[in-house]
Each structure stands twice: as C-alpha cells, then as structure tokens.
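The structure under discussion appears below in the form of structure tokens.
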Amino acid sequence: MLEEINDPKDLRSLSLKELEALAEEIRRFIIKTVSKTGGHLASSLGAIELTLSLHYVFNTPEDKIVWDVGHQTYAHKIITGRKNTFSTLRQFNGLSGFPKREESKYDTFNVGHAGTSISAALGMALARDIENGNEKVVAVIGDGSLSCGIAYEGLDNAGYIDTDLIVVVNDNSMSISPSLGSISAYLSKKMSGPIYNKLRDEIERLIHNLPLPEQPTLKLARKIEESLKFFSPGLLFEELGFKYFGPLDGHKLPSLIDVFRNVKNLKGPVVVHIVTKKGKGYKPAEDNPSLFHGIGKFDIETGKPIKSSNKPSCSSVFGDKVLGIMKKDEKVVAITAAMLIGTGLQKVKEKFPDRVFDVGIAEQHAVTMAGGLAVKGFKPIVAIYSTFLQRAYDQIIHDIALQDLPVVFSIDRAGIVGDDGETHQGIFDISYLRLIPNIVIAAPRDGKELEMLLDFAVKYKEHPMAIRYPRGTCPGSFNLPYPEEIKVGKWQILKQSNNDRVAILALGNMVSIAFEISDILEKNYISSTIVDCLFVKPMDESVLNRLSNYDLVVTIEENVRFGGFGEGVIGYLNDKGIKVSVKVFALSDVFIEHGRQEILREKYSLSPSKIANKILETFDNLV
C-alpha cells in the first residue's frame with residue numbers, strides 16, 4: 001500500500017482499516033531504513049498514527065503542521081513525497097533528519113532545537129489573520145519540549161491573543177496521564193464536538209449577559225467546573241486560555257481522526273493531548289527508548305548497535321573521569337539538560353543521584369542554577385552540547401562570567417558533528433565564548449588531555465572555564481608527551497627542529513590532523529613545528545612572540561573563522577607588531593549541512609590533504 005502513497009491526498013481516499021495497515025507498513029519501512037542509516041527511531045515510531053491522522057484530516061500543505069525538534073517526523077517525510085529517497089536519510093546530499101523548508105513544501109519551519117513549534121505556529125496564525133486567510137495551523141510538541149521556557153512563552157502569548165491555533169501535545173513518557181481508556185477517549189470526542197462547544201459558547205455568552213452574575217446556581221456551576229478541572233491534566237492549558245481535550249491514545253486512529261475533525265473548526269486556541277509509546281511496534285526500541293532515541297546502525301533482529309569503533313568516545317571518557325572526580329570531591333556536582341546518556345553522565349547519576357541534575361531541555365536554567373551552586377561553594381560541571389549551549393548565552397554572560405563564578409562548562413559535540421546537520425553542528429562556541437570577559441577556554445587534543453583538564457578545572461577557582469571536545473571517538477595521542485602540569489594559557493610544542501619553516505598551531509582534535517599535514521609537507525621538503533594550543537583563551541604569548549622566526553604560521557580549528565582562534569592569533573600578532581605571514585584554516589561563513597565528518601572536512605577544506613596543498617601553494621607564493 002505504501003507504494004501508492006506519494007502525497008497526503010492519497011491518504012484521504014483510504015478507509016480506517018487501510019490507514020491502520022499503512023501505519024504498520026510505514027513502521028516496518030522506517031525500522032529497515034534507520035537500521036542502515038541511523039537516526040531518531042524511537043520517537044518517530046511513536047508518532048506514526050499521529051502523523052497519518054493529521055495529514056488525513058487537515059488539508060496540507062495549505063493547512064500548516066509545525067513540528068517541534070523534528071525527532072518524530074520520519075513518517076511525515078515518507079508520506080509527503082520523500083519515501084523513494086528515504087534511504088539517503090542523514091547522508092551527505094541526502095534527506096535531512098529534521099524538517100527543512102528547502103526540502104519540501106510540507107516542511108513549514110526548520111527545526112532542530114526543542115520548544116519552538118508553538119511560537120512559530122502562532123506567528124503563522126497571526127500572519128493568516130492579518131491576510132484574512134482561513135488555513136488551519138497545528139503545532140506538534142512533545143512533553144519533553146515542554147520543559148523549554150520558550151514553549152511556555154508561546155503558550156502564554158497564544159492564550160492571551162486568543163487566535164485560532166491547535167497545539168498537539170505528544171506525551172510519550174506517561175508522566176502527565178498514567179491512565180488511558182475508552183471513557184477518556186469518548187469524553188474527549190464528545191467534548192470536542194461542534195454541538196457541545198456551541199452550547200458551551202452560548203452558556204458563556206449567557207453568563208456574561210445575565211444581570212445577576214452571582215446567582216447561586218451559576219456560582220455552583222462554576223465551582224463544579226473548576227473542581228473537575230483540578231483533576232484534569234489540562235488544568236494548566238485551560239488556565240492559559242486553551243480549550244483542552246485529552247488524554248487520547250495516540251495509536252488509535254479512529255479516535256484521533258474524530259477529535260481532529262471536531263477541533264479543526266473550533267475558535268480560539270486548543271490543546272489536544274495524546275499519549276504515545278516511544279519505539280511503538282519494535283520491541284528493542286520499546287524496551288530501551290533512550291538508546292533508540294538517536295541511534296547509529298543496528299541489527300534489526302537483535303536490536304544491538306553496530307559499532308564502527310571499539311575506541312572510547314570523548315563523552316564516555318568525560319563521564320568516567322567525572323565519576324572518579326566526584327568520588328574524591330563531594331563539592332563537585334554535575335548538571336545537564338536532557339543529555340544524561342549523550343554526555344556520559346548516566347553512570348555518574350546512578351552513583352551520585354543527589355549530585356547529578358538533569359534539568360530537562362532547559363539550558364538557561366541549567367547555567368543559572370550552576371551559578372547558584374557556585375555561590376554556595378560547590379564546583380558545578382555543566383555538560384551541554386555546543387549547539388545547545390547557545391541557548392543559554394545570556395546566562396553565561398550575565399549570571400556566570402559577570403560574577404566570575406568558577407563554573408566548568410563541558411562542551412560536548414564541539415566542531416563538525418556530522419549526520420544531524422545545520423542545527424547541530426558545534427562550530428560557533430569558540431567565537432561566541434571568546435569575546436566574553438573572564439572565561440578561560442580550552443580544547444584538549446585527546447582523551448588523556450581531557451582528563452587532565454577536568455582534574456585541573458575542578459580545582460581552578462579564578463574564573464569560569466569552558467572545555468570543548470568533539471563528537472565520537474577521541475583522537476589518538478601518537479604516544480606524544482603530555483604537559484607535566486596544566487597551566488592556564490600554556491601550549492605544548494609537540495614537534496620542532498632547528499630548520500622548521502612552517503609553524504602549525506593546532507587546536508583540539510586538529511592536532512592529529514596537524515601531524516598528517518606535517519608528513520605531507522616533509523615529502524615536499526618543508527619541515528614544520530607542531531604546537532598543541534591547549535588554551536584558546538588566554539593564548540600562550542611566549543610561543544606567539546617567537547613566531548617571527550618562521551616563514552609561515554598556520555592555524556587550524558574546527559570552528560567558524562569569524563571570531564575564532566585563528567583571528568585571535570592574527571589580532572595578537574598585529575597588536576604586538578610581529579611580522580609573519582599567517583594562514584587561517586577554519587570553517588566557512590555558512591551553515592554546514594549533514595554528512596559524515598570526514599566528507600564535510602574534505603568539502604570545507606579541513607582535511608589533511610586540502611590543508612597541506614593550500615600550505616604548499618601559499619609557501620610557493622611567499623618564496
């Protein structure tokens with residue numbers, strides 16, 4: 001049946017039984033594909049019936065469906081003309097893992113960070129009102145995203161403005177409403193019907209027009225209504241100005257379709273609360289939804305991931321080290337924002353449940369809370385992905401750096417992250433942190449140096465400190481020496497000879513690439529010095545002051561060029577009047593698409609061969 005579905009219009013001629021069969025076919029199709037590409041499996045499996053019911057009832061793309069985050073949109077992509085290219089999911093030049101307007105007219109808003117759907121949908125609804133349009137606007141948001149402050153800002157404003165807007169809350173944790181059943185579904189269906197709502201509107205109008213608003217009967221009616229609301233999971237939404245319907249079983253297509261048909265023409269803001277099961281229909285994902293939230297390639301029969309490397313990731317190195325530190329120092333605490341597993345803190349949480357805090361998708365709160373802990377003499381480690389730390393920028397400046405509080409920021413997924421694409425690339429953190437006073441920024445070259453930095457950071461009391469490290473396997477050390485001790489602003493020269501003509505200043509995971517570059521240069525009779533620039537800020541002035549001895553200085557970083565490490569080096573040399581040619585290798589002034597890390601480094605001229613060839617070309621021009 002899936003072969004015949006190329007557009008949501010094709011759904012609308014199907015019977016309910018055919019829709020249910022299609023849902024299972026899509027489920028199998030997603031599992032088979034994601035087992036080969038990797039992706040956000042569990043949440044997408046849980047949203048298949050929701051997706052079909054929305055496209056079945058609403059006249060998309062004229063009616064707008066605004067997805068939140070995008071973790072649950074695989075079925076949406078498949079039925080909106082992209083099933084034949086679904087095998088390219090998250091591959092270079094293939095489909096994005098998230099909604100993307102450039103990819104389809106059915107993708108109404110580009111997303112990747114949680115909590116944005118309600119605000120974006122409200123904006124679309126207001127634009128419709130201004131233009132006297134009649135399209136419906138539906139925002140879909142997960143219960144996890146409701147921990148975002150922006151989600152509540154959107155709800156609050158939508159309730160105040162009172163325009164037509166439907167918000168679907170996809171609750172896949174069972175935390176809001178543990179009980180489901182036919183009675184709840186029946187009541188929601190009846191309460192969303194046109195007769196009931198017309199009657200409710202008439203009663204409200206009558207109450208407002210009565211000369212005796214305090215009549216005992218009316219007072220009793222109000223009290224009964226408020227008492228019933230108190231026991232409803234919709235109390236919050238009702239108080240914010242929404243009509244609330246639910247909870248509904250998010251896997252029962254008949255009730256979903258009935259309710260969406262009924263609320264479609266209601267006036268004002270509406271919340272439809274559905275409950276779904278993450279990983280629905282695939283037992284390994286149902287049993288371990290956290291693992292299958294974002295997974296690489298896996299074996300369908302066993303559900304076990306297919307590992308590409310047995311070497312530890314930087315995240316696991318970080319988690320193991322924090323566990324060891326917290327065993328020795330009871331003043332060290334750890335904070336993350338819905339990333340316990342991704343940052344490696346799950347094992348630490350199990351050992352120290354009272355000293356590891358997962359605040360949900362609330363990065364701003366995480367940072368300011370760390371400031372409060374620091375004020376009281378604790379040493380907070382805030383572990384957040386680079387791309388998500390952007391969301392707490394004001395708090396880093398105002399609540400941490402301004403007070404010079406000794407908070408440690410462990411910035412995971414710094415640099416090119418690969419398959420998740422534009423919304424997740426961690427390529428801005430050096431630039432957005434380097435301009436802030438008081439902050440120390442470091443980038444370890446490998447797992448051992450990461451461990452050394454963490455040991456140093458939790459004892460360092462002078463300033464807040466940020467440590468950035470990449471996604472995936474920690475780079476190898478090449479049996480190179482490590483500094484005897486970490487000193488703020490000190491770099492380490494890893495390779496040097498008397499006749500070196502090029503100085504390569506490499507940052508973090510670029511150190512391993514620097515050695516490959518050096519080998520290529522040696523074959524072309526150019527010797528080079530390699531410096532592990534452990535600290536981005538402050539920089540090692542003693543090394544910088546000696547760079548005039550070289551014909552060419554090269555800086556390498558996996559960050560955008562503007563405001564980055566290389567521009568910092570150039571700025572220092574210019575200020576000191578040090579005359580030397582400098583070539584900066586960093587990422588272009590673009591948003592980097594999805595694809596494997598090595599492919600993207602090659603495209604954006606950060607591969608060893610691309611850098612070496614450019615150095616040779618530059619060197620020839622200098623000579």
Looking only at lysines whose Cα falls under 19 Å of K267's and that sit 8 or more positions away or on another chain, we get K64, K136, K189, K190, K198, K243
With every atom except the alpha carbons ignored, what do you get for Rg and Dmax of the stretch 448-501, in angstroms? 13.8, 41
Out of the GluC sites (Glu not before Pro) in the stretch 15-94, which ones are loop residues according to DSSP with at most 16 other C-beta atoms within 10 Å? E62
Count charges around E330 for me, please; just the other residues with Cβ under 11 Å from its Cβ, Lys/Arg as +1, Asp/Glu as -1. +3
Can you compute the modelled spin-label distance between D329 and Q390, with each label point 7 Å from Cα toward Cβ, in nm? 3.1 nm
Peptides ranked, highest mean first, by Cβ atoms within 10 Å: ranges 555-562, 503-510: 503-510, 555-562
Give me the extension gain from S13 to Y525: residue separation times 0.36 nm, minus the current Cα-Cα distance, reported in nm with one decimal. 177.2 nm
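Could you list R27, R546 in order of exposure, starting from the residue whose Cβ has the fewest other Cβ atoms within 10 Å?
Values: R27 20, R546 13.
By the 10 Å Cβ count, ascending, the order reads R546, R27.
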Exposure proxy check: I486, I26, I570 ranked by fewest other beta carbons within 10 Å? I570, I486, I26
Going by amide H atoms built from the backbone, whose H comes under 5 Å of the H on F357, apart from near neighbours? A334, I335, T336
Looking only at the stretch 356-390, which residues have a backbone nitrogen under 17 Å from a spot 7 Å from the Cα of K459 in the C-beta direction? 379-380
Subtracting the Cα-Cα distance of N545 and F562 from 0.36 nm times their residue separation yields 3.8 nm
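Among the DSSP beta bridges whose two residues both lie in the chain, what percent are antiparallel, rounded to the nearest 5? Walk me through the numbers on the way to the answer.
On the way: 9 of 66 bridges.
Just about 15 percent of them are antiparallel.
What is the packing order of peptides 429-441, 382-394, taking the mean over residues of other C-beta atoms within 10 Å and listing the highest first?
382-394, 429-441
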Which ordering of S96, S119, S527 is given by a fewest-first count of other beta-carbon atoms within 10 Å? S527, S119, S96
Please figure out what share of the DSSP beta bridges in the stretch 492-622 is antiparallel and state it in percent, rounded to the nearest 5. 15 percent
I'd like the FRET efficiency for K267 and Y152, computed as 1/(1 + (r/R0)^6) with the beta carbon distance as r and R0 of 25 Å, rounded to 0.05. 0.65
Between I161 and E24, 0.36 nm times their residue separation minus their Cα-Cα distance comes to what? 45.3 nm
Select from G426, F378, A139 the residue farthest towards the positive end of the dipole of the chain; place +1 on Cβ of Lys and Arg, -1 on Cβ of Asp and Glu, and compute about the Cα centre. F378
What does the stretch 287-359 give for Rg and for Dmax, in Å, if only its C-alpha atoms count? 14.1, 45
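No value in this document is a laboratory result; all are computed from the given coordinates. Values in this document were obtained by computation on a predicted structure and should not be read as measured data. Counting neighbours? That spans all protein chains shown, and the Cβs are built from the backbone with ideal geometry, glycine included.
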